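Enquirer: Sharing a structure, written as structure tokens. Questions coming.
The values are calculated or read from the model by the stated rules, or taken from the named source; none is laboratory data. Just so it is clear, the model here is predicted, and its values are computed rather than measured. Every residue, glycine as well, gets a Cβ built from its backbone with ideal geometry; the counts of neighbours run over all protein chains shown. Keep in mind that these areas ignore ligands, DNA and RNA; they rest on the heavy atoms of the full protein, side chains included. Shrake-Rupley method; radii C 1.70, N 1.55, O 1.52, S 1.80 Å.
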Amino acid sequence: MKRGLIAATAVAGMLVSVAACGSSGNSTDGADGFKGQKLTVWVMDGSNPAQWTEQVSKEFKKKTGATVDFQVQQWEGIQQKLTTALSEDTPPDVVEIGNTQTAAYAKAGALLDLGDLKKEIGSDWSDTFNKAAMADGKQYALPWYAGNRVVMYNKKIWADAGIKGTPKTRSALFKDLDTIKQKTQAEPLYLPGQNWYFFDGLTIGTGADLVKKDGGKWVSNLGDPKVAKAMDIYKTYQSFSTAPKNKDEATPQQAEVFAKGKTGAIIAMGYEAATAVKANPKIKDDIGFFTIPGETEAKPEGVFLGGSNFAVAGGSQKQDLAKAFLKVALSKKADAQMVKEVGWTPKSPDLADAAKGNPAAEAAAPAAAKSGGTTPLIPQWAAVENVPNPIKNYMTAVLSGKTPADAAKAVDAEINKRLAQQ
């Protein structure tokens, strides 16, 4: 999946009351009743790993007699495509929706309430994961997977700098990066100026909110001193990097930069190791991971939990079959496979063992449990992330010399305009 989780556009207006058009299906049907049917499931490019897909497809057919048609979608233009599809008479039955987007589609009436199903199969899911699948107190989606950033480092470069072990506090990390700068020819850290999901994690760590209520309306909160503190921390991280201040981690792909073997570390999702190895197989044994350390050893740096939910289209004519699919796709067996195969963060305590042996997942788990969070879970938030993202512009401005207060003032009006969209 092209991570960073591309933002949703406003969806209201095109999807009015489509949930009422759906059919609950044949609620008394078992496997024989579904035999020969086909369920359409939209997943994003890179989201459904091969072994998980094979496992779920076989299990679904065994239990229902039906087949699942996974239709892979590209991230480019997906918001408009999904908005249109959910408003049609024959929408895809199950759709993957980014966890920052769910509230907007729920508000538009495009999704089926899955509260009963969640009670049945997800009673032990972490609230941190599940709250991004809810809107107005109702369960309009179910969490599929989520992950958070870790430090992906080049073990050879760290060893060449004489560093033993991995840092447990932010100050120790900065000391190690400085040591790499002084003792090697490598760039200590590759961190472009607009890795805004990492910045969002830092705001979570400082207890900051990116938006606030003012007179009943949502408005920008970038002027909050806590946001400024998070940006100052980001600025210190970025001082160890020569990466562009006006680009994000996908421009160019930071894992491909790391693959060249001249970078000490990047702030990465665990799956980026595979990208690096694909670009340069020789680097495989040099890759290591550790939790992004926070101010104290007891609490890791704040992290954004980025991922996706599964939702059932309100207009689907196969809602019972869709629910049967979700019971299989989100079973503990399937969830464990996702953790093992990709390195996603376990969403319930009894999946912890599935992360063992996957270094990225093991490194991600402590921060997810103690310091994880998401962007504001309000329908209005979707428009804020649209290109050009004003928060990215804020970050570049601060890194280029503006004070956080002045940089916030420069983008507040645009953020407020987007938050006011209906």
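Enquirer: Once you've got the Cα coordinates, tell me which of Lys217/Lys417; Lys235/Lys392; Lys164/Lys370 are over 21 Å apart. It would help to have the intermediate numbers written out before the result.
Expert: Values: Lys217/Lys417 11 Å; Lys235/Lys392 13 Å; Lys164/Lys370 26 Å.
With Cα atoms farther than 21 Å apart: Lys164/Lys370.
Enquirer: For the range 41-57, just list the computed ³J(HN,Hα) in residue order, Karplus coefficients 6.51, -1.76 and 1.60, θ = phi - 60°, integers in Hz, with x standing in for Gly and Pro.
Expert: Each residue of the range 41-57 in turn: 10, 8, 10, 7, 3, x, 7, 9, x, 4, 5, 4, 4, 5, 4, 5, 4 Hz.
Enquirer: Here's a follow-up. Asp89: accessible area at probe 1.4 Å, nearest 10 Å²?
Expert: 140
Enquirer: Given q = 0.12, 0.22 Å⁻¹, what are the Debye log10 I(q)/I(0) values for the range 291-416, with equal point scatterers placed on the Cα positions and solvent ignored?
Expert: For the range 291-416, the Cα-only Debye profile gives -0.72, -1.19.
Enquirer: Pull out a ≥ b ≥ c, the square roots of the eigenvalues of the alpha-carbon gyration tensor of the range 190-317, then state rounded if a/c is under 1.5, prolate if not and a/b is larger than b/c, and oblate in the remaining case.
Expert: Values: a/c = 2.04, a/b = 1.31, b/c = 1.56.
Oblate is the answer for the range 190-317, as a/c is 1.5 or above yet b/c matches or exceeds a/b.
Enquirer: Mind listing the phi-derived Karplus ³J(HN,Hα) values for the range 325-340, rounded to whole Hz, using 6.51, -1.76 and 1.60 with θ = phi - 60°, and x for any glycine or proline?
Expert: 4, 5, 4, 7, 5, 10, 5, 4, 4, 6, 4, 4, 5, 4, 5, 5
Enquirer: Additional query: Measure up Lys131/Lys168; Lys168/Lys278; Lys212/Lys247; Lys58/Lys318 against 21 Å on the Cα-Cα distance and list the ones that go over. Don't skip to the end; give the middle numbers.
Expert: Numbers: Lys131/Lys168 29 Å; Lys168/Lys278 30 Å; Lys212/Lys247 27 Å; Lys58/Lys318 19 Å.
With Cα atoms farther than 21 Å apart: Lys131/Lys168; Lys168/Lys278; Lys212/Lys247.
Enquirer: Here's a follow-up. State, as an integer percentage, the relative contact order of the range 364-420 based on alpha-carbon contacts under 8 Å between residues 6 or more apart. Could the numbers behind the result be given before it?
Expert: Details: 24 pairs, mean separation 22.8, N = 57.
40 percent.
Enquirer: For the range 336-404, report the % of Cα-Cα distances exceeding 16 Å.
Expert: Numbers: 1488 of 2346 pairs.
Result: 63 percent of Cα pairs exceed 16 Å.
Enquirer: How much accessible area per residue does the range 202-283 have, counting only protein heavy atoms and a probe of 1.4 Å, in square angstrom?
Expert: Details: 3810 Å² over 82 residues.
About 46 Å² of surface per residue is accessible.
Enquirer: Another one. Tell me, what are the semi-axes, in whole angstrom and largest first, of the equivalent ellipsoid of the chain as set by the roots of 5 times the Cα gyration tensor eigenvalues? Provide the component values of the computation, followed by the final result.
Expert: Numbers: eigenvalues 276, 139, 59 Å².
Each semi-axis is √(5λ); the values are 37, 26, 17 Å.
Enquirer: Please list the non-local residues whose amide H lies under 5 Å from the amide H of Leu111, H modeled 1.01 Å from N, same-chain partners needing a gap of 5 or more.
Expert: Gly314
Enquirer: Under the rule of -39500 (n - 2.57) per DSSP H run of 4 or more residues, summed and divided by the residues of the chain, what mean residue ellipticity at 222 nm is obtained, to the nearest 500 deg cm²/dmol?
Expert: Details: 18 runs with 167 residues, N = 422.
It comes out at -11500 deg cm²/dmol, rounded to the nearest 500.
Enquirer: Relative to the longest principal Cα axis of the chain, at what angle does helix 359-371 sit, 0 to 90 degrees, rounded to 10?
Expert: 90
Enquirer: Something else now. From the phi of every residue in the range 414-420, what ³J(HN,Hα) in whole Hz does the Karplus formula 6.51 cos²θ - 1.76 cosθ + 1.60 yield, where θ is phi - 60° and glycine or proline is x?
Expert: Using θ = phi - 60°, the values come out as 5, 4, 5, 4, 5, 5, 8 Hz.
Enquirer: Turning to a different aspect of this structure: Can you give the net charge of the other residues whose Cβ lies under 11 Å from the Cβ of Trp218, counting K and R as +1 and D and E as -1?
Expert: Numbers: positive: Lys212, Lys213, Lys217, Arg418; negative: Asp209, Asp214.
Around Trp218, the charge tally is +2.
Enquirer: Find how many whole Å separate the alpha carbon centroid of the range 239-271 from the alpha carbon centroid of the range 139-213.
Expert: About 11 Å separates the Cα centre of the range 139-213 from the one of the range 239-271.
Enquirer: Can you bin the range 155-228 into rounded, prolate or oblate? Criterion: square roots of the alpha carbon gyration tensor eigenvalues sorted a ≥ b ≥ c, rounded for a/c under 1.5, prolate for a/b above b/c, oblate for the rest.
Expert: prolate
Enquirer: Which whole-number percent gives the relative contact order of the range 263-422, counting Cα pairs below 8 Å spaced six or more residues apart? Show your work: numbers first, answer last.
Expert: Working: 131 pairs, mean separation 36.3, N = 160.
With pairs under 8 Å counted, the relative contact order is 23 percent.
Enquirer: What residues have an amide H closer than 5 Å to that of Thr40, excluding those fewer than 5 places away on the same chain, when H is modeled at 1.01 Å from N in the peptide plane?
Expert: Those lying under 5 Å, H to H, from Thr40 are Asp69, Asp93, Val94.
Enquirer: What are the residues whose amide H is under 5 Å from the amide H of Phe289, where those residues sit 5 or more places off or on another chain and H is modelled from the backbone?
Expert: Amide H neighbours of Phe289: Tyr153.
Enquirer: What nm value, rounded to one decimal, do you get for the distance between Gln253 and Gln421 when each label is placed 7 Å out toward the C-beta?
Expert: Modelled inter-label distance: 2.9 nm.
Enquirer: From the P(r) of the range 254-356, can you give the percent of Cα pairs sitting at distances over 20 Å?
Expert: Values: 3038 of 5253 pairs.
Here the tail beyond 20 Å accounts for 58 percent of pairs.
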